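The values are calculated or read from the model by the stated rules, or taken from the named source; none is laboratory data. Treat the numbers as computed from the prediction; the structure is a model and nothing was measured. Cβ placement follows ideal geometry from the backbone for every residue including glycine, while neighbour counts extend to all protein chains displayed.
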Amino acid sequence: MDTITIKRRELKKLIRETFEDVLSDRKDLISEALLEAMEDIGLAKAIESGRTGQFVDTKEFKERLTSRLKRIK
């Protein structure tokens, strides 16, 4: 196996370009990650509310979560 020498600046540029290509070609990955993050945040807030004695109605929670997710898309 051969060794390749590359300058730090060139490597950084190559990584950035590759990352940009992946993000532009696989937007579904970003959407999925954001959706999961939003669900996790919503669940964490619901758990927090439950621990303080303020309970959230399941139907209301789902409606609010769906509403916020629609605004993101």
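Points worth noting:
- Entry remark, the stretch 17-51: residues being more than 24 Å from Phe61 (Cα to Cα) and of a type in the set (Gly, Ala, Ser) number 1 in total.
- Any hit, the stretch 41-49, residues being touching a Leu at 6+ places or on another chain (Cβ under 8 Å) and under 23 Å from Arg68 (Cα atoms): yes
- Exactly one residue out of Ile72, Ile4, Ile47 is at pLDDT below 90, in contact with a helix residue (DSSP H, G or I) (Cβ under 9 Å, 6 or more places away or on another chain) and among the β-branched types (Val, Ile, Thr), and it is Ile72.
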